[in-house]
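The values are calculated or read from the model by the stated rules, or taken from the named source; none is laboratory data. Values in this document were obtained by computation on a predicted structure and should not be read as measured data. Neighbour counts run over all protein chains shown; Cβ positions are idealised from the backbone, glycine included. Ligands, DNA and RNA are stripped out before the accessible areas are found, and what is left, the full protein with its side chains, is counted by its heavy atoms. Shrake-Rupley method; radii C 1.70, N 1.55, O 1.52, S 1.80 Å.
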Amino acid sequence: MRKLKGIGVSPGITIGTAYLVPKLHQSVSEHRIPPEEIGSEIQRLEKALSETKEELEKIRTQTARNSGAIEADIFNVHLLLLHDHELKKEIVRQIKEGANAAWSVQTIVHQHLERLGKVNDAYLNERRYDLEDVGKRLLRNLLGIKGYLADLKEKVILVAHNLTPSETASLNRKLVSAFATDIGGPTSHTAIMARALEIPAVVGLKEITEITRAGETIIVDGQQGVVIIDPDKSILKEYAKRQADLRKSHRALSPLKDVIACTRDKHRVTIGANIELPVEVSSVLAYGADEIGLFRTEFIYLNREDLPSEEEQFRVYRHVVEKVKPCPVTIRTLDLGGDKFASALNMPEEMNPFLGWRAIRFCLSQPDIFKAQLRAILRASAFGPVRIMYPLISDVEEIKTARTLMEESMAELKRENKNFAPSIPVGAMIEVPSAALTAGTISRYVDFFSIGTNDLIQYSMAVDRTNIRTAHLYNPAHPAILKLISEVIAAGRKTGIPVGLCGEMAANPALAFLLIGMGINELSMAPLAIPEIKQMTLLITMKEAMECAQKVAEMDSASEISSLLEKKWAEIMKRKINK
Ligand code: PEP
Ligand code: MG
């Protein structure tokens, strides 16, 4: 038995049989082609190229239909790589020198991969995976390997060095019950697709492909980010029980989809969904969110060489708005920088990117880029209720400038006879301590607040949210964080604007209980977390939540607060929902 720790990117537990996805270099060896067969070898290459093109076009169409235009764009990049004349010329040159086509493809693709790996540019580095993907596909067609992942015969857990976007997009959900990969991070395409497909997944396991043998039993725990290879009987039993419990609670929670989140003493809580991709709209509806509380828009700008046009953005926002209408959609303007970079923008390397040219700071210094997004959002507002939200506000002046740019955009659209809603609520994300402490001032210039605790915690406690070594210091139950949240709630109340919270802590039922007691009106979270939070609201009273919040406000330490919440939560979980 071996236990590996990676990054859980899509929750759920699966126990199953490992299927090792072959690596490109394992498949081909070199042999010499006699001069009279060189012509037909080149023809084989041409045939494989056109088969690959057909496959990619098919996947692009399917992806556009199932997931949306943005996801389908990934395959435009692949098609471009396939049409790269230089690449083809180099492969043909190798064949003319007497090498077999498969080996030539493998060698040339590897040379390019190595070159790209050495380039100090995040965008070009990422293109390696696209090129590897196209190379694998071309090789399979040359070798006549049909099916590959798409033709799996039985249910398996995929174990791969890395799954490429096209592989992930074409996975058969009925036959792939989970996957585990050596590399990858939580914001990789593969991770995003796994969440959208609701397949449990753990990435960044470093050496899983070295350790696992095909056909072995493995456990993938996407929640904890753990994979267990060849588990012994007791572990197998434990995980089978955890899996059954999860399924049971999933089943028990599913009727809550159509229920309104409301405490026993009739206090209504708005439940929002956080999404990063238009494809997640189906989960928003399936889990019964009242609204999209956070639509992160960075994805449109990433993994491409050019900037998205206003028109392209408008189409994406309109699609989402129309799909969830009459539920409102809170569209957050671009939050690039920190750990997200778009190559088209050529953003400089910084010593402290999380403290640097990020989010609203970047947008205000690039008014053309910002206004293209604002105009696209405004135009989408003609098709359903939309709210605009600005990330990383640290000073009221930023709100004022953003407002001016929005008014300019509105005036332009009016002149161009383009429609937008007559009134669009504008909000500030409160995720920097300076904004929390001056929330009273900021509240006079916005229509709502949304507290982004993922960042608020990192900035208040000086803990990089992406650093594993300091992760133990990152604590939402710290008195300092709760004090800042209280300040924001009080400021919102005084001015009469709603205060929501869209950080990960909203998805934790015990913390969400506390937040409701503190006076949060709206909690927004990953769609999958919604049923459990709805259930929590049905089991509690506002009165007890407020009492708990009062006790917590007097406590000195995070551990004291956590143990009180744990005890309280255990007690709440024993209750039954009132019919
Ligand atoms: C947050 O900071 O809490 C938040 C919701 O925004 P993001 O995670 O996208 O930074
Ligand atoms: Mg944030």
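Only one residue in E412, E398 is assigned by TED's automatic domain parsing to the domain that holds V432, acidic (D, E) and away from ligand 2 (no atom under 16 Å from the Cβ). Which one?
E412
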**Prompt:** Checking F295 against (1) within 16 Å of ligand 2 (Cβ to nearest atom); (2) touching a residue at least 60 places away in the same chain (Cβ under 8 Å), which single condition isn't satisfied?
**Reply:** (2)
**Prompt:** Tell me, which residue of region 465-486 that is among the β-branched types (V, I, T) and modelled with pLDDT under 95 is farthest from the chain's Cα centre (by Cα)?
**Reply:** T470
**Fill in**
K494: passes all of (1) part of a helix (DSSP H, G or I); (2) surrounded by fewer than 19 Cβ atoms within 10 Å (Cβ to Cβ); (3) touching a residue at least 40 places away in the same chain (Cβ under 8 Å); (4) within 13 Å of ligand 1 (Cβ to nearest atom) but (4)
**Item:** Filtered residues of region 525-549 (kept if β-branched (V, I, T) and either surrounded by fewer than 19 Cβ atoms within 10 Å (Cβ to Cβ) or not in a loop (DSSP other than H, G, I, E, B) (or both))
**Value:** I530, I533, T537, T541
**Asked** Can you find a residue in region 562-571 that is farther than 25 Å from L437 by Cβ, over 31 Å from the mean Cα position of the chain (by Cα), not in a helix (DSSP H, G or I) and not assigned by TED's automatic domain parsing to the domain that holds Q458?
**Response** no
**Item:** Failed item, numbered, when R469 is tested on (1) out of contact with any Pro (no Cβ under 7 Å at 6 or more places or on another chain); (2) within 13 Å of ligand 1 (Cβ to nearest atom); (3) under 23 Å from G337 (Cα atoms)
**Value:** (2)
**Item:** Selection within region 387-432 - more than 16 Å from ligand 1 (Cβ to nearest atom) and open to solvent by less than 10 Å² (accessible area, probe 1.4 Å)
**Value:** I399, A402, S409, L413, V426
**Request:** Considering each residue of region 523-579, count those that are within 29 Å of I292 (Cβ to Cβ), of a type in the set (D, E) and modelled with pLDDT of 95 or more, and give that number.
**Result:** 0
**Request:** For residues that are at pLDDT 95 or above and of a type in the set (A, V, I, L, M, F, W, C), tally how many sit in region 308-354.
**Result:** 8
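Return yes or no: is E504 charged (D, E, K, R), within 26 Å of the chain's Cα centre (by Cα) and open to solvent by 60 Å² or more (accessible area, probe 1.4 Å)? Please lay out each step first, then the result.
Working: charged (D, E, K, R): yes; within 26 Å of the chain's Cα centre (by Cα): yes; open to solvent by 60 Å² or more (accessible area, probe 1.4 Å): yes.
Yes: the conditions hold for E504.
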**Message:** Pull out all pairs, ordered by first then second residue, where Cβ-Cβ is under 9 Å, the residues are six or more apart or on different chains, the first lies in region 244-260 and is surrounded by 13 or more Cβ atoms within 10 Å (Cβ to Cβ), and the second is charged (D, E, K, R) and not in a helix (DSSP H, G or I).
**Reply:** I260/R268; I260/D290
**Request:** Within region 90-107, identify whether any single residue is under 26 Å from the mean Cα position of the chain (by Cα), in the same structural domain as Y129 (by TED's automatic domain parsing) and loosely packed, with under 15 Cβ neighbours inside 10 Å, and answer yes or no.
**Result:** no
**Request:** Quickly run through region 511-524 and pick out the residues that are open to solvent by 20 Å² or more (accessible area, probe 1.4 Å) and of a type in the set (A, V, I, L, M, F, W, C).
**Result:** M518
**Request:** Return a yes/no flag: does region 448-460 have any residue that is surrounded by fewer than 21 Cβ atoms within 10 Å (Cβ to Cβ) and away from ligand 1 (no atom under 15 Å from the Cβ).
**Result:** no
**Message:** Just to check your reading of the model, which residue among A342, A376, A380, A359 is within 16 Å of ligand 2 (Cβ to nearest atom) and open to solvent by less than 10 Å² (accessible area, probe 1.4 Å)?
**Reply:** A359
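Residue by residue, here is whether (1) of a type outside the set (D, E, K, R); (2) in the same structural domain as Y287 (by TED's automatic domain parsing) holds:
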residue	(1), (2)
N475	yes, yes
L515	yes, yes
G519	yes, yes
E547	no, no
Q550	yes, no
**Message:** It is to be established whether one or more residues within region 182-189 are open to solvent by 40 Å² or more (accessible area, probe 1.4 Å), more than 30 Å from L515 (Cα to Cα), assigned to a loop (DSSP other than H, G, I, E, B) and aliphatic (A, V, I, L, M).
**Reply:** yes
**Message:** I'm told E54 meets every condition in (1) open to solvent by 30 Å² or more (accessible area, probe 1.4 Å); (2) at pLDDT 90 or above except one. Can you identify the failing condition by its number?
**Reply:** (2)
**Message:** I'd like to check something: does region 276-290 contain any residue that is surrounded by 15 or more Cβ atoms within 10 Å (Cβ to Cβ), in contact (Cβ under 8 Å) with a residue 24 or more places away in the chain, assigned by TED's automatic domain parsing to the domain that holds R465 and touching a Ser or Thr at 6+ places or on another chain (Cβ under 7 Å)?
**Reply:** yes
**Prompt:** If you go through region 445-485 one residue at a time, how many are within 13 Å of ligand 2 (Cβ to nearest atom) and of a type in the set (K, R)?
**Reply:** 1
